[in-house]
Amino acid sequence: MIGAPVPRAITKERVVLHDRDKEWLSLSPFCLIATAGADGTCDVSPKGDPPGFTLVLDDTTIVIPDRPGNRRVDSFLNILENPHIGLIYLIPGRTETLRVNGRARLVRDAPFFDQLTVKNHRPRLAVIVDIEQIFFHCAKAFLRSGLWNPETWDPDALPSHAEIVSSMPETTESLAELQRYYGPEYANKLYVQPERLPLSTD
C-alpha cells in the first residue's frame, strides 16, 4: 500500500553522532521522549531546558537531566522495565527534527552532573542514552501543520489550563486555587520541587 522507501530515507541512518548532530543538540531546547513498559504500554514525555541541555558524553552517548515535575515518572518506570527509547529533538522555527533511538539507563549521580546544573538545580537523576540509530527527519509534518507559522496560532481558542483542570471530574481544588497555582509565579518555580497537591487546606 505504501510503497518502498526512497534510498535516501534508508541511507541517512547513522549509529555515531556527526558534528551536525552535535551542533543540533547544542541548539535544541526541547525534545520528546518515547518509552514503553514491559507490557508494551507507551508514553511520550516532553523535556525542555535552555538550548544544549542534552549533554554529549561521546560519539555514541548522550545524557538528559531530570527536572522537578509532577513525579509520575512514567518514562523512568518504563526504562526500568524496558531500556528502548526514542527521542525527537526540535529547534524552534526549524521544520526538520533530529531523531535518536537507543537504549537508556538511569543514573543517580556522576561526575558530569555538575555540567547539568541550571539555575542552581543539580538533577537528582539523569537518563543516559546509548545511541543505536540517529538521523534527521524531513520537514513535511511541520510544513503541513504550519506549526511555526504565527498566523495559524490561536492559543485563546481553548480555556486556560486552570479552567481545563478545573473542569475535570477528579479535580478537588477550586478554580481560584488553580489560577493561583498556574499563575505568573508558576514560571518562577520551574527548578523548584512543585507543591504537593491538593492545593486546598480544607
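The values are calculated or read from the model by the stated rules, or taken from the named source; none is laboratory data. Worth saying up front: this structure is predicted, and the values here are computed from it rather than measured. Glycine also receives a Cβ, built like all others from the backbone with ideal geometry; neighbour counts cover every protein chain displayed. Side chains included, ligands, DNA and RNA excluded: accessible areas come from the protein's heavy atoms. Shrake-Rupley method; radii C 1.70, N 1.55, O 1.52, S 1.80 Å.
A few comments on the model shown:
- Qualifying residue in the stretch 101-114 (condition: more than 23 Å from L27 (Cβ to Cβ), β-branched (V, I, T) and within 16 Å of the chain's Cα centre (by Cα)): no
- Among the residues of this structure, L190 counts as one that is under 24 Å from V73 (Cβ atoms) and open to solvent by 30 Å² or more (accessible area, probe 1.4 Å).
- When residues of the stretch 1-29 are limited to those that are among the basic types (K, R) and within 21 Å of the chain's Cα centre (by Cα), the one most open to solvent (accessible area, probe 1.4 Å): R20
- Per-region count, the stretch 131-149, residues over 21 Å from L57 (Cβ atoms) and among the aliphatic types (A, V, I, L, M): 4
- For the stretch 30-63, a tally of residues being within 18 Å of V192 (Cα to Cα), in contact (Cβ under 8 Å) with a residue 60 or more places away in the chain and open to solvent by less than 50 Å² (accessible area, probe 1.4 Å) returns 2.
- The residue that is farthest from T60 (Cα to Cα), counting only those in the stretch 108-127 that are open to solvent by 70 Å² or more (accessible area, probe 1.4 Å) and of a type in the set (S, T, N, Q), is N120.
- Per-region count, the stretch 133-161, residues among the aliphatic types (A, V, I, L, M) and more than 22 Å from the chain's Cα centre (by Cα): 2
- Restricting attention to the stretch 64-73, the residues that are among the hydrophobic types (A, V, I, L, M, F, W, C) and surrounded by fewer than 17 Cβ atoms within 10 Å (Cβ to Cβ) total 1.
- Options V56, V73, V15; residue that is aliphatic (A, V, I, L, M) and over 22 Å from L116 (Cβ atoms): V15
- Residue list for the stretch 64-96, filter: under 27 Å from Q193 (Cβ atoms), in contact with a strand residue (DSSP E or B) (Cβ under 6 Å, 6 or more places away or on another chain) and β-branched (V, I, T): I64, I79, I85
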